[in-house]
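The structure under discussion appears below in the form of C-alpha cells.
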Amino acid sequence: MKNLTIIFGLLLCGLLLCMDTVGYAQQSAPDLIAENLFPPELIMQHQQALGLSDEQKQYFKTQIREIQKLLTEAQWRLEDGVEKLAATLKADKLDEPRVLGQLEKLLLNESDVKRLQMTLLIRLKNKLTPEQQAKLMALRRSK
C-alpha cells in the first residue's frame, strides 16, 4: 500500500509545477507536445522580458487560480480513489471486477487532472502574442 501511495504521489507531483513535462511517456524522444506549450512558472519568471501587459498578467493570474482550484478538487478525488483502491487490494482474495472498477475510476480522475493541466497550458499560450511565444521558446532553449 505504501508503494502504491508513493507511485500516485509521484503522479501528483507533476501537477502544475512540472507541466513542461506534459507528454513524458517517451523520455528519449523529443517531447513534441511540451515544446509547443509554456508552463506558468516559465511565463512568470520572464514576465519582464516578455513585456507582458497588465491585462495579460491579470488573465494569467485568474486562469492559474481557477485551474488550481479545480486541480485541488481533482487531486482530492484522485487521492480518495487511491485510498479506495488500496483498501480493495488488502483482501486475501481479490474481486477482479471490483478492483478493475476502482482502477477505472482512478484512471478517469487522473485523466481529469491531465485535461485540466492541458486546459491551462492552452489558455496561457493563446493569450501570448506570437512574438512572446518565440521569446519563450528562445529562453527555454538557452537554459
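The values are calculated or read from the model by the stated rules, or taken from the named source; none is laboratory data. None of the values given here were measured: they were computed from a predicted structure. These accessible areas exclude ligands, DNA and RNA; they are computed on the full protein's heavy atoms, side chains included. Shrake-Rupley method; radii C 1.70, N 1.55, O 1.52, S 1.80 Å.
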inquiry  = Quick one: 3J(HN,Hα) in Hz for region 129-139, Karplus 6.51/-1.76/1.60 with θ = phi - 60°, rounded, Gly and Pro as x.
reply    = 6, x, 5, 5, 4, 4, 5, 4, 4, 5, 4
remark   = So T119 and Q47, fully extended at 0.36 nm per residue minus their Cα-Cα distance, gain in nm 23.9 nm
request  = Classify region 43-143 as rounded, prolate or oblate, taking a ≥ b ≥ c as the square roots of the eigenvalues of its Cα gyration tensor: rounded when a/c is under 1.5, otherwise prolate if a/b is larger than b/c and oblate if not.
outcome  = prolate
ask   = Which length gain, in nm to one decimal place, applies between K61 and K135 when the Cα-Cα distance is subtracted from 0.36 nm times their residue separation?
value = 24.6 nm
Accessible-area value, S53, 1.4 Å probe, nucleic acids and ligands omitted, Å² = 50 Å²
remark   = Mean projected area, convex hull of alpha-carbon positions in region 28-76, reported to one decimal in nm², is 4.9 nm²
query = Convex hull over the Cα atoms of region 73-122, averaged projected area in nm²?
reply = 3.3 nm²
Exceeding the 21 Å Cα-Cα cut-off - candidates K61/K127; K57/K127; K57/K114; K61/K125; K57/K125; K84/K105 = K57/K114
